[in-house]
Amino acid sequence: MLLLPVAILMTVACGGGAGSAERGMRAEMQRVRDSISLNRFDAAHRLIDHQLAEAKDSDTYYSWLVSKNSTWYAQMQDDSFVVTTRRIHQYLLRHQQEPNEARRWLWAEWLMARGVYYAVLRGQLDSAIVCTQEALRHMEGMERDWGMRIMGLTNLADYYRQSGQLDKSTDVYLRALSLADSLHATTDERIAILIGISTAYTFMNDYASSGQWWERTRELLPQMRQADQFIYYNNRGNDYCFQERYDEAYQNFAKAAQLVRGNPDKKWDYHTSCVNLGQVYLAKGQADSARLYIQQADSFFRKIGYPPFVYYITTERIELALLEGRTADALQMVRAGAGEQAVHDMKVPRLKAAERVYEQTGDWQRAYQMRRQWQQLSDSVQNAKVKMQLSARLMEYEHDKRLADQQRTIESQQATTRLVWALLTIAILAVAVLVVVMQLLRRRQRLSEMTTRQQIVRLRMENNRNRISPHFIFNALSHEMLAQMEGRKVDLNALIMLLRRGVEQADVLQTTLKEELTFTEYYIEIEGRQIGEGFHYIREVSPEIDLEAVHLPAMTLQIFAENAIKHGLRRQRGTITIRATRQTDATLLEVIDDGQGLSPSYQEHTGMRVVRQTIQLLNEHIAAPHSRRENRQHITFGIESQGKGCRSWILLPDNYDYELQTI
């Protein structure tokens with residue numbers, strides 16, 4: 001299985017300038033990083049080309065050329081990568097007698113890029129290690145981008161891992177992790193370290209430890225760039241494959257392939273997934289599917305001329321030949337590759353495949369030699385594992401000690417901060433208590449004022465109601481006494497009911513429409529007998545109106561009816577109509593007569609003045625505190641002539657609250 005390198009070449013701000021100019025340059029380079037992480041390589045090239053054209057000096061120009069190199073690497077454009085790297089090196093050689101901080105940092109970046117070139121594009125890990133170590137030495141003592149140092153350590157650790165120096169690999173990974181902790185590194189920088197440590201444990205076959213680190217890494221999946229997600233799924237798939245958990249390995253390899261399939265800039269990554277998917281199908285004995293993926297990968301990596309992957313794919317072709325019974329072909333490939341050099345990761349699978357070939361051809365001596373060689377490599381892994389465990393314990397101790405020192409410093413600062421906050425909190429509480437006390441006193445004063453005002457309103461309302469009650473009783477008795485004196489029929493039962501309801505209505509502020517209609521109709525009956533023939537009463541109530549649900553100020557309809565009869569129908573017999581209809585969110589009540597209408601000298605009598613004053617007080621009052629409604633719409637009413645006759649009306653909003661504020 002191909003365990004992908006975690007090495008990533010990063011661009012950083014360098015070159016001349018300081019202050020706002022350098023901050024602007026760093027911001028522009030961050031835009032380049034963001035474009036690369038989103039695979040928007042055209043945008044990255046445009047940004048870099050613009051900055052190259054605007055560069056004020058050579059140091060700045062070649063700093064941007066380093067960023068160009070990172071974009072070529074992300075696209076795996078190795079020819080362009082090599083050309084750009086050579087240009088940077090030539091510039092540094094021309095000015096090596098004129099050192100400054102910018103060029104010193106350029107040397108570090110060039111060496112980092114050279115290390116990536118040797119490791120990823122040529123498979124020469126010893127050269128990659130030397131270049132990266134030299135780059136880290138150039139960075140010593142320079143107050144610049146610490147992210148570059150973390151990446152340098154991560155790259156170096158990965159090169160050690162690929163070369164089989166697992167104790168050194170883990171030691172450097174833990175140094176990178178310690179540095180990242182102390183500097184509060186970004187998530188991107190920590191992701192590369194965690195993937196590297198997880199992969200190192202996988203390679204040592206320490207699956208308990210690798211599983212723990214892979215789980216820690218998986219938590220950061222949503223924050224990973226696509227390139228990091230690809231490496232995660234690829235190397236996690238290898239971890240499962242080494243454990244012979246092929247279904248889980250396949251799921252991870254398939255996810256890795258899906259991330260890059262169809263992307264012309266990710267052909268390298270996609271064909272790497274093909275190599276691993278081919279290995280899974282070989283392990284499951286599915287020769288046809290394995291052949292499909294192996295052929296795709298073999299064609300691609302032979303075309304670009306990348307020896308390490310060609311070596312590993314040849315191992316897969318040997319295994320495929322054995323699976324298909326083509327032992328002679330397998331033997332020929334083993335003999336042809338006997339002298340080839342390969343990285344540590346890829347030697348053991350080739351030796352195991354060669355052992356099986358020699359066993360099947362009966363060459364037991366060579367089969368034994370192959371077994372001895374891969375066992376020696378495995379033993380070296382176990383020895384490295386023991387060294388790594390000791391190194392890891394020491395590094396963990398130093399890491400924990402450093403964290404403990406930092407924790408004590410933090411706790412001391414927190415204690416001081418807590419004291420300051422405690423004093424500040426006490427001061428704020430004292431101010432808050434003072435404000436609350438002032439608000440309570442002010443509220444108490446407002447409540448007292450409100451109580452007085454509401455008592456005045458209630459007294460005014462009661463006065464208005466008391467004014468209408470004697471007036472109404474006097475009118476009713478006068479009409480019946482006059483009728484008796486003139487010898488007309490008198491209905492004492494109707495009179496008694498009218499008077500009783502009149503007294504009851506005088507004591508209440510509101511009533512239902514049903515009760516108001518009953519009361520008004522008693523009144524109209526008595527008045528109608530006095531007027532005599534030619535007088536008619538019509539009641540029109542829309543069927544959608546619930547008489548029990550509609551409320552209105554008590555005696556309102558009766559006063560309207562009295563006004564209509566007194567000024568319109570007593571001298572000129574006719575018809576009085578009471579109509580109730582629904583309006584939008586309201587009920588409209590009308591009392592209409594076809595009498596002589598309002599005269600120019602018309603003045604409101606006592607009843608109409610009471611209605612006007614009652615409605616005005618109701619519209620101005622404050623709702624009771626337990627009420628769930630607010631009277632945002634007011635009651636409106638009016639009286640008007642309309643051709644022949646007169647119309648009195650009142651519009652009652654739905655859910656109007658008649659209850660006065662009480663304290």
Complete set of residues in the range 242-262 that are open to solvent by 10 Å² or more (accessible area, probe 1.4 Å) and part of a helix (DSSP H, G or I): F242, Y246, D247, E248, Y250, Q251, N252, A254, K255, Q258, L259
Where a residue in the range 179-196 is free of Cβ contacts under 8 Å to residues at least 60 places away in the same chain and buried (at least 17 other Cβ atoms within 10 Å of the Cβ) and its partner, wherever it lies, is of a type in the set (D, E) and part of a helix (DSSP H, G or I), with Cβ under 6 Å and at least six apart: A180/E189; I191/D228
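Okay, residues lined up against (1) at pLDDT below 90; (2) under 27 Å from N619 (Cβ atoms); (3) crowded, with 17+ Cβ neighbours inside 10 Å:
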site	(1), (2), (3)
G534	yes, no, no
N563	yes, yes, yes
A580	no, yes, yes
T584	yes, yes, no
Filter pass, V32 being open to solvent by less than 10 Å² (accessible area, probe 1.4 Å), out of contact with any Asp or Glu (no Cβ under 6 Å at 6 or more places or on another chain) and either modelled with pLDDT of 80 or more or closer than 19 Å to M142 by Cβ (or both): yes
Qualifying residue in the range 311-325 (condition: small (G, A, S), modelled with pLDDT of 90 or more, buried (at least 18 other Cβ atoms within 10 Å of the Cβ) and assigned to a helix (DSSP H, G or I)): yes
Flag if V83 is part of a helix (DSSP H, G or I), modelled with pLDDT of 85 or more and farther than 25 Å from F41 by Cα: no
Boolean, G285 is farther than 30 Å from D188 by Cβ and in a loop (DSSP other than H, G, I, E, B): yes
Selection count where residues are hydroxyl-bearing (S, T, Y) and surrounded by fewer than 22 Cβ atoms within 10 Å (Cβ to Cβ), scope the range 277-295: 1
Residue list for the range 606-659, filter: at pLDDT 85 or above, more than 16 Å from E590 (Cβ to Cβ) and charged (D, E, K, R): R612, D654
Qualifying residue in the range 220-233 (condition: of a type in the set (D, E), part of a helix (DSSP H, G or I) and surrounded by 17 or more Cβ atoms within 10 Å (Cβ to Cβ)): yes
Exclusive hit being over 19 Å from T512 (Cα atoms), open to solvent by 20 Å² or more (accessible area, probe 1.4 Å) and modelled with pLDDT of 90 or more, set I576, I538: I538
Per-region count, the range 558-567, residues in contact (Cβ under 8 Å) with a residue 60 or more places away in the chain and within 13 Å of F519 (Cα to Cα): 4
Meets criteria (of a type in the set (A, V, I, L, M, F, W, C) and within 30 Å of P349 (Cβ to Cβ)) for I197: yes
Only one of D265, D298 that is acidic (D, E), in contact (Cβ under 8 Å) with a residue 40 or more places away in the chain and assigned to a helix (DSSP H, G or I): D265
The range 150-176 residues that are without any contact (Cβ under 8 Å) to a residue 24 or more places away in the chain and crowded, with 22+ Cβ neighbours inside 10 Å, paired with ones that are part of a helix (DSSP H, G or I) and of a type in the set (S, T, N, Q) (beta carbon under 9 Å, 6 or more apart): V172/T154
Unique residue being in a helix (DSSP H, G or I), of a type in the set (S, T, N, Q) and either modelled with pLDDT under 80 or out of contact with any Ser or Thr (no Cβ under 8 Å at 6 or more places or on another chain) (or both) when the list is S210, S169, S198: S169
Residue check for D298: acidic (D, E) and open to solvent by less than 60 Å² (accessible area, probe 1.4 Å): yes
Of all residues making up the range 631-656, the number that are open to solvent by less than 20 Å² (accessible area, probe 1.4 Å) and without any contact (Cβ under 8 Å) to a residue 60 or more places away in the chain: 1
Selection within the range 586-608 - open to solvent by 90 Å² or more (accessible area, probe 1.4 Å) and without any contact (Cβ under 8 Å) to a residue 12 or more places away in the chain: P600, S601, Q603
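Residue-wise test of (1) more than 30 Å from R175 (Cβ to Cβ); (2) assigned to a helix (DSSP H, G or I); (3) at pLDDT below 75; (4) out of contact with any Cys (no Cβ under 7 Å at 6 or more places or on another chain).
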{"site": "V348", "(1), (2), (3), (4)": "no, yes, no, yes"}
{"site": "A367", "(1), (2), (3), (4)": "yes, yes, no, yes"}
{"site": "S378", "(1), (2), (3), (4)": "no, yes, yes, yes"}
{"site": "V386", "(1), (2), (3), (4)": "no, yes, yes, yes"}
{"site": "L390", "(1), (2), (3), (4)": "no, yes, yes, yes"}
{"site": "E398", "(1), (2), (3), (4)": "no, yes, yes, yes"}
{"site": "S412", "(1), (2), (3), (4)": "no, yes, no, yes"}
{"site": "W421", "(1), (2), (3), (4)": "yes, yes, no, yes"}
{"site": "I428", "(1), (2), (3), (4)": "yes, yes, no, yes"}
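The values are calculated or read from the model by the stated rules, or taken from the named source; none is laboratory data. Fair warning: this is a prediction, and the values are worked out from it, not measured in the lab. Backbone-built Cβ (ideal geometry, glycine too); neighbour counts: all protein chains shown. The accessibility values were calculated without ligands, DNA or RNA, using every heavy atom of the protein model including side chains. Shrake-Rupley method; radii C 1.70, N 1.55, O 1.52, S 1.80 Å.
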